[in-house]
1. Which of Ser70, Ala413, Thr173 sits closest to the plus end of the dipole of the chain, meaning its Cα is farthest towards the positive end, when Lys and Arg get +1 and Asp and Glu get -1 on the C-beta?
2. Any chance you could look up the accessible area of Glu405 with a 1.4 Å probe, heavy atoms only, rounded to 10 Å²?
3. With a 1.4 Å probe and all protein chains left in place, how much accessible area per residue does the stretch 316-482 have, in Å²?
4. Heavy atoms only, probe 1.4 Å: what % of the accessible area of the stretch 43-147 goes to carbon and sulfur, would you let me know?
5. Ordering Ile195, Ile438 by accessible area with a probe of 1.4 Å, largest first, what comes out?
6. If one computes the Cα centroid of the stretch 11-84 and of the stretch 87-161, what distance in Å separates the two points?
7. When the helices in the chain are scored as -39500 (n - 2.57) per DSSP H run of 4 or longer and the sum is shared across all residues, what 222 nm value do you end up with, to the nearest 500 deg cm²/dmol?
8. Just to make sure I understand: if all protein chains stay in place, what is the order of Asp252, Asp44, Asp130 by accessible area at 1.4 Å, largest first?
Amino acid sequence: MKFSYKILLSCIITMAAALGIGGYFFVNNVFEASMEREMGQAADENNILQFAFETAALNIPAKYDLLQNSAVKEIGANLEKRGEGTGRLLRLSDENREVLYASEGFVEDTQLLASIEKQTRAYQVIHPDDHYYIQTGAEITALDRTLYLETMRDVTAVYEERTRGFSVYRNLTLLILVVSSVIMFFISTWLTRPIRLLTKATKKMTDGDYSYRAEQVSTDEMGQLTHDFNHMAGVLEENIHELEAEVQAREDFIAAFSHELKTPLTAVIGYADLLRSRKLDEEKHFLSANYIYTEGKRLEAMSLRLLDIIVTKRGVLEPQEMDAEVLFAYLKDMYGEQQKHPFTFRYESGRIYGEVDLLKSILLNLADNACKASEEGKTIEVLGEKRREGYFFAVKDEGVGISEEDCRRITEAFYMVDKSRSRSHNGAGLGLALCSEILKLHGSRLEIRSTLGKGSTFAFVIPYPAEADGGAAESHVRQTEDIR
Ligand code: ADP
């Protein structure tokens, strides 16, 4: 059953129960109040007749010192006659509770008569035919006789009133239920609209439309739920896109890897076949063997790099504290003396928290790339300075530069801007991918600024350890603000 129908049904049941119980108590209350009033009047009537009887008995001539049964009957008949038109009914009985006089239509039942006691008035409601009566009985004493007077008051109208009350209330209840059901239907449909919109959104998302969002139609709890759902959908969508991108990257990686493997292998196989199938002159023999050697070396370098990347990806950092000077001293050793590309080093002393060999590997890769990209004689600058978020490194060259599109993809494994140029330098597009992985381990990332034909700058920041500088922890995710 639909949720809106459940709301509707529970409202109808609650209203029906409330109206039914309320109506029953209301009509019954009115009835009981009327009956109480009628009881009072029945008692008054009985009282008046009692006085009237006693007065009439006193007026009987003195020669009779005893109240005869015939006199009682006469007084009874007189009393009934005087009340003609008011529906007065009375019954008089003697000491033995034997009926002496009874109005026509007075009940024959003597249950009340038998229960009348001294000084008390007895009541009972009787329902002899279609009518309801209050039967009242009391003891009377007249001329030394103890008699019993009973009266009957017709209260049929009160009972009819109650039946009418119930019937009116039932009809009214039905009318209220029908009208309120229609109103409740629209209200419950309106109330459950956010749920329908959410259901629609989940269906759309299940069908693969991750960008679909539920319409928020209120600001209450349901509106909050819709807002939270949309937020969750947004996060999920982002995660799904990330996963898709990761899967795509893996596929690209495998495709590039097989390609990089296939090209040199084809050549190696070709040259090996040439060597084993034909007798070549010495020069050709040397060239073929040399090709097999260099391609084999390239493959070896590539597999080592790949291994480095995989180990770094899975690896856990074992950082230690060092001074930046250690790294610059190493770079100076490697490049300081060479003549092809003059290196300048501008740096300040500063604490670095990281794995020394990995950091050396990054700087070596960047310096190596800068050399490969620069013409002979062009200066390469390596900078180091303390910044608020960590120690800043930059390698600047005046080489060929990189286009904006290449800049975005340059850190992907096997991505080479100029394949033949890279291969001629024994590269396979893995150096910067390795640098990125190492920097990720250090809570940092590589920033690249480049202008085609003018040169490039590769920079990164190694964040300070968290306990030494509260702000440094935050800087793990912060990008380099300024690469000069
Ligand atoms: P490789 O090991 O083949 O050099 P990298 O991942 O180090 O691969 O570099 C990827 C590509 O980025 C290379 O093809 C190279 O042409 C380009 N590149 C890297 N550094 C620079 C630079 N400083 N200037 C211009 N191009 C660069």
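The values are calculated or read from the model by the stated rules, or taken from the named source; none is laboratory data. Just so you know, these numbers come straight off a predicted model, no measurement behind them. A quick note on method: Cβ atoms are made from the backbone with ideal geometry, for glycine too, and the neighbour counts reach across all protein chains shown. Heads up: the accessible areas ignore ligands, DNA and RNA and are worked out on the full protein's heavy atoms, side chains in. Shrake-Rupley method; radii C 1.70, N 1.55, O 1.52, S 1.80 Å.
1. Of the candidates, Ala413 comes out farthest on the positive side.
2. Accessible area of Glu405: about 100 Å².
3. 49
4. Here it works out to 46 percent.
5. Sorted descending by solvent-accessible area, the residues read Ile195, Ile438.
6. 9
7. After summing the helix terms and dividing by residue count, I get -19500 deg cm²/dmol.
8. Asp130, Asp44, Asp252
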